[in-house]
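Beneath this line is the structure, given in structure tokens, with notes to follow.
Nothing in this text is a laboratory measurement; each read-out follows from the coordinates by a stated rule. The shown structure was predicted, so the numbers you read here are calculated from the model rather than taken from an experiment. Glycine gets a Cβ as well: all are built from the backbone with ideal geometry, and neighbour counts include every protein chain shown.
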Amino acid sequence: MAIAEPTVAPLVPQLLEVRAHRRETADTATLTLAPTGPTALGDAAPRPGQFAMLAAFGAGEVPISYSAMAGHGGAVEHTVRSVGAATAALAAARPGDLVASRGPFGTGWDLDAATGRDVVVVAGGIGLAPLRGVVDAVLADRDRYGSVNVLVGARTPDDLCFAEHLRGWSARGDVEVAITVDRLGDPASRWPGAIGVVTGLLDGACFDPDAATAFVCGPEVMMRATVRALGVQGVDVADVQVSVERSMTCGVGHCGHCQLGPVLVCREGPVLPAARVLPLLEVRER
Amino acid sequence: MTEPEIRDLVAGHPFTSGLSPAEVDAIAEGARVVDLLPGEALFREGRPATHAYLVTHGHVGIEVHHPGRGSIAVSTVGAGELLGWSWLLPPHAWHFDATARSIARLVALDATTVRAACDHDPALDRRVARQVMRTMTARLEAARHQLLDLYGHGHR
Ligand SMILES: Cc1cc2nc3c(=O)[nH]c(=O)nc-3n(C[C@H](O)[C@H](O)[C@H](O)COP(=O)(O)OP(=O)(O)OC[C@H]3O[C@@H](n4cnc5c(N)ncnc54)[C@H](O)[C@@H]3O)c2cc1C
Ligand code: FES
């Protein structure tokens, strides 16, 4: 997780065109964004876990992870959950609309650390967005890793993002996908799967705790509980990476808005070793 | 399934980790395997809790019956987990319904046998109580997190 220096002018936004809009859930959408000109991303293609500062005009600029890395013509995907003005405007963008993007910024997941080891991905809610690239990268180079477990928690069955991808990963047979929901939401729901918190899925996951690397993203309470539960299973905290969120303005280490103790999350994070960040998350903020 | 095969299932279940072979034998006496189809009821609220269930495959839903709304599943218990502890404490009656949500296999330990073995051997009693407490603690923490609605708006 070396500190990444942005390779494009960090404060100059690029115009990206919305090429596709896929509704994930009632409040979440995935946008496919492509450069409007040939220069755009250049060799600064994003890596899983990195983020962009995305702006919908007139609504504000916010950090959003890449949920799929540069594909055809430099197109990337971002999955946005509408929680306020900026994210609502982004989630409402339609093909043909333009958005502004700065990035890629931040560290990204250290996939090299998992070479030859079992991979455990634990995602809660929209936390699956920055982890989708990890699963795609691991599956694209499947022989490089041991067992692969993807454990996903969602609020209700209707709040599950990337349902199609989860089905696709499951169908491969060389990755274990387990999903749980906190509640059924609609009591008449035909959800056939687990109900309970995502840490409960660890009991049924098959991996060697002495040779496993875990990638965790979700609400902070969920991440703290997950790191504890991984510890109970025997996974060393040194083998756990987490992605943390803080409010961000510049995204490149200039303004201090994203400070978490001594860490500027936009530069040194958002992916950080759990051993480093957990004690900081336990400090009570007002 | 033969008795030795059932005993092996019990010995391989996380609930009995830390128990000696003799202790496993003591609690596994009279155990049987229960196979359920999705939607099949295992037990109902208020009925005598005559067995401790160790889930070895699939998911069983813990449900609350709500007049007019039917049974609402509030959590599931999966492979490797203990299902229920009402068999341990008087009045030995279930507090919830349990219904399979997938094809499920469980080992049913005879509650009278387990309690008698624990009464007879304080070390086993402590170990069984500790395992049940571990399950209860995990469920309590899970229930608190579910109550927090962590994936709702306003959580980071
Ligand atoms: C590195 C990083 C990566 C991120 N990746 C994604 C992503 O891929 N997809 C995505 O949808 N979001 C992501 N976020 C979160 C996103 O940046 C915020 O939701 C956004 O800044 C909110 O801005 P707003 O103007 O829409 O809402 P605001 O008006 O700022 O906030 C509206 C309400 O939402 C709450 N809120 C604000 N931020 C969050 C948050 N992070 N989580 C939950 N509630 C929040 C506020 O407390 C407030 O109640 C990421 C954040 C960071 C730091
Ligand atoms: S957002 Fe400005 S320093 Fe991190």
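Net charge near A:PRO48, counting Lys/Arg +1 and Asp/Glu -1 over other residues with Cβ under 11 Å of its Cβ? Each step should come with its number before you reach the end.
On the way: positive: A:ARG47, A:ARG132; negative: A:ASP110, A:ASP136.
Net of charged neighbours comes to 0.
Of A:CYS206, B:CYS118, A:CYS266, how do they rank once you tally other Cβ atoms within 10 Å and put the fewest first? Display every interim value, and only then the final one.
Values: A:CYS206 8, B:CYS118 20, A:CYS266 26.
With the fewest neighbours first, A:CYS206, B:CYS118, A:CYS266 line up as A:CYS206, B:CYS118, A:CYS266.
With a cut-off of 8 Å between alpha carbons and a minimum separation of six or more residues, what is the relative contact order of chain A in percent?
Answer for chain A is 19 percent.
Pick out, in residue order, every one of the trypsin sites (Lys or Arg not before Pro) in region B:2-46 that is DSSP loop and has at most 16 other C-beta atoms within 10 Å; say none if there are none.
Working: sites: B:ARG7, B:ARG32, B:ARG44; in loops: B:ARG44.
When the trypsin sites (Lys or Arg not before Pro) of region B:2-46 are filtered for loop state and at most 16 Cβ neighbours within 10 Å, B:ARG44 remain.
Which order do A:VAL263, B:VAL55, A:VAL175 fall in if you start with the one that has the fewest other Cβ atoms within 10 Å? Spell out each step's value before the answer.
Working: A:VAL263 17, B:VAL55 25, A:VAL175 20.
If I rank by nearby Cβ atoms, fewest first, I get A:VAL263, A:VAL175, B:VAL55.
Name the residue from B:ALA129, B:GLY152, B:VAL34 whose Cα lies farthest towards the positive end of the charge dipole of chain B, charges +1 on Cβ of Lys and Arg and -1 on Cβ of Asp and Glu.
B:GLY152
Taking chain A as the reference, fit the longest principal axis to its C-alpha atoms, fit the long axis of helix A:128-140 to the helix C-alpha atoms, and give the angle between the two in degrees, 0 to 90, nearest 10.
So the inclination is approximately 70 degrees.
Once the Cα atoms of helix B:122-148 and of chain B are each reduced to a long axis, what angle between those two axes, in degrees from 0 to 90 to the nearest 10, is obtained?
In chain B, helix B:122-148 runs at an angle near 10 degrees to the longest axis.
Among residues other than A:ARG155 whose Cβ falls under 9 Å from its Cβ, what is the net charge (Lys/Arg +1, Asp/Glu -1)?
On the way: positive: A:ARG183; negative: A:ASP158, A:ASP159, A:ASP182, B:ASP149.
Cβ neighbours under 9 Å give a net charge of -3.
Run the quick spin-label model on B:ASP25 and A:ARG22: label points 7 Å from Cα toward the beta carbon, then report their separation in nm to one decimal.
Label-label distance for B:ASP25 and A:ARG22, simple model: 5.8 nm.
Sorted from fewest to most neighbouring beta carbons within 10 Å, what does the list A:SER243, A:SER170, B:SER102, B:SER75 look like? Walk me through the numbers before you get to the answer.
Details: A:SER243 29, A:SER170 14, B:SER102 18, B:SER75 22.
Listed from fewest to most nearby Cβ atoms, that is A:SER170, B:SER102, B:SER75, A:SER243.
What number, in percent, do you get for the relative contact order of region B:3-152 if the mean sequence gap of Cα pairs under 8 Å and at least 6 apart is divided by its residue count? Write out the running numbers ahead of the final one.
Numbers: 276 pairs, mean separation 44.9, N = 150.
Relative contact order of region B:3-152: 30 percent.
With a 10 Å cut-off between alpha carbons and a GNM built on chain A, which of A:PRO48, A:PRO104, A:PRO273 moves the most?
Ranking A:PRO48, A:PRO104, A:PRO273 by mean-square fluctuation puts A:PRO273 first.
If you place +1 on the Cβ of every Lys and Arg, -1 on the Cβ of every Asp and Glu, and leave all else neutral, what size is the dipole of the protein assembly as shown about its Cα centre, to the nearest 20 Debye? Display every interim value, and only then the final one.
Working: 38 positive and 49 negative charges, 215 e Å.
Taking the Cα centre of the protein assembly as shown as origin, the dipole is about 1040 debye.
How far apart, in nm, are the 7 Å Cα→Cβ label points at A:ARG284 and A:HIS254?
Calculated label separation equals 3.7 nm.
Divide, for the protein assembly as shown, the radius of gyration over alpha carbons by 2.2 N^0.38 Å, where N is the residue count. Write down the numbers at each step before the final one.
Numbers: Rg = 24.0 Å, N = 442, 2.2 N^0.38 = 22.3 Å.
Computed over Cα atoms of the protein assembly as shown, the ratio equals 1.08.
Taking chain A as a Gaussian network, where each spring joins two C-alpha atoms under 10 Å apart, which residue of A:SER67, A:SER247, A:SER101 fluctuates the most?
A:SER247
Could you tell me, in Å, what Rg and Dmax come out for the Cα atoms of region A:111-243?
Values for region A:111-243 (Cα only, Rg and Dmax): 13.9, 44 Å.
B:ALA143 to A:ALA92: FRET efficiency via 1/(1 + (r/R0)^6), r the Cβ-Cβ distance, R0 41 Å, to the nearest 0.05?
Details: r = 36 Å, r/R0 = 0.88.
After rounding, the FRET efficiency stands at 0.70.
Between the helical axis of B:111-120 and the dominant principal axis of chain B, each derived from Cα atoms, what acute angle in degrees is found, rounded to the nearest 10?
Between helix and principal axis, roughly 60 degrees.
Of the trypsin sites (Lys or Arg not before Pro) in region A:136-232, which ones lie in a loop per DSSP and count no more than 12 other C-beta atoms within 10 Å? Let's see the in-between values first.
On the way: sites: A:ARG142, A:ARG144, A:ARG155, A:ARG167, A:ARG172, A:ARG183, A:ARG190, A:ARG224, A:ARG228; in loops: A:ARG155, A:ARG183, A:ARG190.
Hits after loop and neighbour filter: A:ARG190.
Could you size up the charge dipole of chain B around its Cα centre, putting +1 on the beta carbon of Lys and Arg and -1 on that of Asp and Glu, and report it in debye to the nearest 20? Could you put the intermediate results ahead of the total?
Numbers: 15 positive and 18 negative charges, 123 e Å.
Charge dipole, chain B, about its Cα centre: 600 debye, nearest 20.
At a threshold of 8 angstrom on Cα-Cα distance, excluding pairs fewer than six apart, so keeping six or more, what relative contact order does region A:14-105 reach in percent? Present the calculation step by step, with values, prior to reporting the outcome.
Numbers: 211 pairs, mean separation 35.4, N = 92.
Worked out over region A:14-105, it gives 38 percent.
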